[in-house]
C-alpha cells in the first residue's frame with residue numbers, strides 16, 4: 001500500500017469520494033483476494049486498480065471471474 005497517491009489516483013479519488021459518483025460509496029486501498037485495489041465499491045462490485053501493461057492477463061481475468069468489474073485508474077483519468 002502506498003502512503004501518497006499518484007496524480008491520477010488523486011484526481012480519481014476527488015471524483016469518487018463522498019458519493020459524488022452517483023450513489024456509490026467507494027473505499028481506497030482495499031484488499032481483494034491477494035491484491036490491494038486502489039478504489040472499490042463493494043455493493044456494485046466495481047473496482048479501479050492501477051494495472052500496467054505488464055500486469056498478467058490472468059490477474060485481470062481473476063477479477064472478472066469473481067464477479068468484479070475492473071477499470072484501469074490511469075486510462076480513466078487521462079481520458080477525462
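Rule-based calculations on the coordinates, nothing more; no lab input. All values reported here derive from a predicted model rather than from experimental measurement.
Couple of notes before you dig in:
- With 0.36 nm allotted per residue and the present C-alpha distance subtracted, the residue 45-residue 69 stretch has 8.0 nm of extension available.
- Full-extension gain in nm, residue 30 to residue 59, via 0.36 nm per residue minus C-alpha separation: 8.8 nm
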